[in-house]
Amino acid sequence: MPQASYRITGSADGWVIEHDGKLGGGYELPEAAFETAVAAASLDLKERRDVTISVQFPEGPEDTEALASGSEPALQRAEFDSPLGKAK
């Protein structure tokens with residue numbers, strides 16, 4: 001059976017998707033890259049291909065923070081994770 005692979009990697013410069021040896025992206029958040037890969041993979045599923053999606057985070061926690069700092073999802077996540085946010 002044919003196979004499709006989507007590899008999402010991040011750095012301080014953003015997130016990219018590798019598929020069939022081609023790079024695409026420049027996404028600010030890993031979630032955006034993931035959603036794009038899932039949408040593309042759904043077309044592969046319709047053609048009955050096996051699909052693999054992987055996400056590789058940067059090595060250092062400071063790189064991960066730099067990617068999402070100040071973004072709306074990051075602010076919402078921080079509020080939810082705080083003890084005060086959970087009490088709401």
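Every read-out reported here was derived from the displayed coordinates using simple, explicitly stated rules and does not represent laboratory data. Being a predicted model, the structure only gives us computed values, none of them experimental. Counting neighbours? That spans all protein chains shown, and the Cβs are built from the backbone with ideal geometry, glycine included.
Brief remarks follow.
- Long-range HN-HN contacts of ALA4 with modeled amide H, under 5 Å: ASP50, VAL51, THR52
- Measuring r between the beta carbons of ALA39 and ALA12 and using R0 = 25 Å, the FRET efficiency lands at 0.45.
- Spin-label model, GLN3 to GLN56: label points 7 Å out along the Cα-to-beta-carbon direction sit 1.6 nm apart.
- Interatomic Cα distance distribution for segment 1-44, bins of 5 angstrom, percent: 5, 24, 34, 22, 9, 4, 1, 0
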